[in-house]
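In what follows, a structure is listed as structure tokens, so that the remarks can point back to it.
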Amino acid sequence: MPELPEVETVKRTLNTLIHGKRIQKVTVRLPRIIRRPDDITIFAHMLEGHTIQTVERRGKFLRFLLDGLVLVSHLRMEGRYGLYAEGDPLDKHSHVIFHFDDGTELRYTDVRQFGTMDLFLPGEDLLQQPLKNLGLEPLSPDFTAEAFKALLAGKNTKIKPLLLNQAYVVGIGNIYVDESLHAAGIHPERAAGSLTDEQIVRLHDSIVDTLTNAVNAGGSSVKSYVNGQGESGSYQHKLRIYGRKDEPCYTCGSKVEKSVVGGRGTHFCPSCQPPLLT
């Protein structure tokens, strides 16, 4: 599933491709992608004639800001956007097509068919699902070490599941949680509330650094992810712990271990990330 760095990269790419384009019509080939409104005819009609002003991101969601509407899109497992010329061959998995008045088309393609789209009036989207209860943005100015400390205070939840919980911190994802915890020297099963102030600062900084570096590398293409121009990310070549089971830790040389924490495959170094307070 595309996580924050991948969705951020898609957002930036889309802003270079579709900024200022006017929607002439919309074709919906798979109705279940559209959740709001529940009538695809109304969905298509509402978007006709509107111009895309910019694309923003909230967690793992894309927010298409139009003149008078906001389209919220979740890529889920394998959703992707691409800009095509009218008449280009149509992929059988292209489920929603935004036809622009300049002869180009933005196509939403989704092999797994898990993606969603919700249409709102401006301001409504942040007050309703699916965006209503999202937590801190780790690349925003609001994500300070103090805010992070307050978030963890008193919580007995294991730190990895907490970081994956979108109600606390959004968009980090399995790969980047493993990388951040390793960089901070924190075991994934440590109770969140047991971290010292120094460890909280280290973890905060490693989350920001890991995500920033991943965004700069265009995300990680460990499966099928590509950006809006069909380009793969390169951060998978810089991973220091994720996917390296039984290989030597780059920091200390110990064998990387893999377990299941919170239902997710988890990579860690038993030497660099001790399970107890140090």
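The values are calculated or read from the model by the stated rules, or taken from the named source; none is laboratory data. On a predicted model such as this, the values are computed, not experimentally measured, just so you know. FYI the Cβ positions are ideal-geometry reconstructions off the backbone, even for glycines, and counts take in every protein chain you see.
Points to keep in mind about this one:
- Selection from the range 218-257 of residues that are surrounded by fewer than 16 Cβ atoms within 10 Å (Cβ to Cβ), among the hydroxyl-bearing types (Ser, Thr, Tyr) and at pLDDT 60 or above: SER234, TYR250, THR251, SER254
- Picking from residues in the range 82-97 that are more than 18 Å from ARG32 (Cβ to Cβ) and not charged (D, E, K, R), the one that is surrounded by the fewest Cβ atoms within 10 Å (Cβ to Cβ) is PRO89.
- The condition of being of a type outside the set (Gly, Ala, Ser) and either farther than 26 Å from LEU139 by Cβ or touching a strand residue (DSSP E or B) at 6+ places or on another chain (Cβ under 8 Å) (or both) holds for only one of ARG29, ARG12, that being ARG29.
Yes/no per residue for (1) surrounded by fewer than 20 Cβ atoms within 10 Å (Cβ to Cβ); (2) of a type in the set (Ser, Thr, Tyr); (3) over 30 Å from LEU163 (Cα atoms); (4) modelled with pLDDT of 95 or more:
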| residue | (1), (2), (3), (4) |
| --- | --- |
| PRO37 | yes, no, yes, yes |
| PHE43 | no, no, yes, yes |
| ARG58 | yes, no, no, yes |
| LEU71 | no, no, no, yes |
| GLU78 | yes, no, no, no |
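- Qualifying positions in the range 36-67 - part of a strand (DSSP E or B) and touching a Ser or Thr at 6+ places or on another chain (Cβ under 6 Å): LEU62, LEU65
- Complete set of residues in the range 193-217 that are at pLDDT below 95 and part of a loop (DSSP other than H, G, I, E, B): ALA217
- Any hit, the range 11-18, residues being in a helix (DSSP H, G or I), among the charged types (D, E, K, R) and buried (at least 17 other Cβ atoms within 10 Å of the Cβ): yes
- Selection of the range 162-183 for residues being over 12 Å from PRO138 (Cβ atoms), more than 13 Å from the chain's Cα centre (by Cα) and surrounded by fewer than 23 Cβ atoms within 10 Å (Cβ to Cβ) yields LEU162, ALA167, ALA183.
- ILE200 falls short of the stated requirement of being in contact with a helix residue (DSSP H, G or I) (Cβ under 7 Å, 6 or more places away or on another chain), of a type in the set (Val, Ile, Thr) and under 22 Å from LYS258 (Cα atoms).
- Filter result for LYS21 (charged (D, E, K, R) and over 25 Å from the mean Cα position of the chain (by Cα)): no
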